[in-house]
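Each remark here refers to the structure printed beneath this line.
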């Protein structure tokens with residue numbers, strides 16, 4: 001069993017790169033998260049890894065923290081929030097010239 005990671009903003013440019021990079025790596029179990037179910041299903045199909053899971057989440061929605069907590073309850077240990085899902089405050093660390101937020105869900109980390 002790999003490290004379960006939620007990729008929020010998975011259908012965006014940066015999030016999809018993260019998803020594609022980690023999808024076939026046995027060390028990870030990915031939950032792809034984005035606003036639109038249709039986009040998630042398309043990404044899921046294009047990656048072609050049956051181990052992937054999808055979740056409809058919107059980082060800008062008032063219910064985001066609750067939805068992320070549900071992912072934690074499902075065993076997710078980390079959440080990576082790609083720039084498109086970074087939220088309206090624009091917060092995040094600069095990683096390779098791109099904003100990225102990483103939350104350790106084991107420690108109750110939240111955006």
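The values are calculated or read from the model by the stated rules, or taken from the named source; none is laboratory data. Since the structure is predicted, the reported quantities are computational estimates derived from the model, not experimental observations. Cβ atoms come from the backbone with ideal geometry, glycine included; neighbour counts cover every protein chain shown.
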Say whether the condition of being in contact with a helix residue (DSSP H, G or I) (Cβ under 6 Å, 6 or more places away or on another chain), at pLDDT 80 or above, more than 24 Å from residue 24 (Cβ to Cβ) and surrounded by 14 or more Cβ atoms within 10 Å (Cβ to Cβ) is met by at least one residue in the stretch 74-88. no
Quick one: in the stretch 1-17, which of the residues that are buried (at least 21 other Cβ atoms within 10 Å of the Cβ) and not in a loop (DSSP other than H, G, I, E, B) is modelled with the highest pLDDT? 16
Take residue 62 and decide whether it is modelled with pLDDT of 85 or more and part of a loop (DSSP other than H, G, I, E, B). yes
(1) farther than 16 Å from residue 9 by Cα; (2) surrounded by 18 or more Cβ atoms within 10 Å (Cβ to Cβ) all hold for residue 27 apart from (2)
Candidate set from the stretch 31-42 (those that are out of contact with any helix residue (DSSP H, G or I) (no Cβ under 6 Å at 6 or more places or on another chain) and either without any contact (Cβ under 8 Å) to a residue 40 or more places away in the chain or assigned to a helix (DSSP H, G or I) (or both)); member that is surrounded by the fewest Cβ atoms within 10 Å (Cβ to Cβ): 38
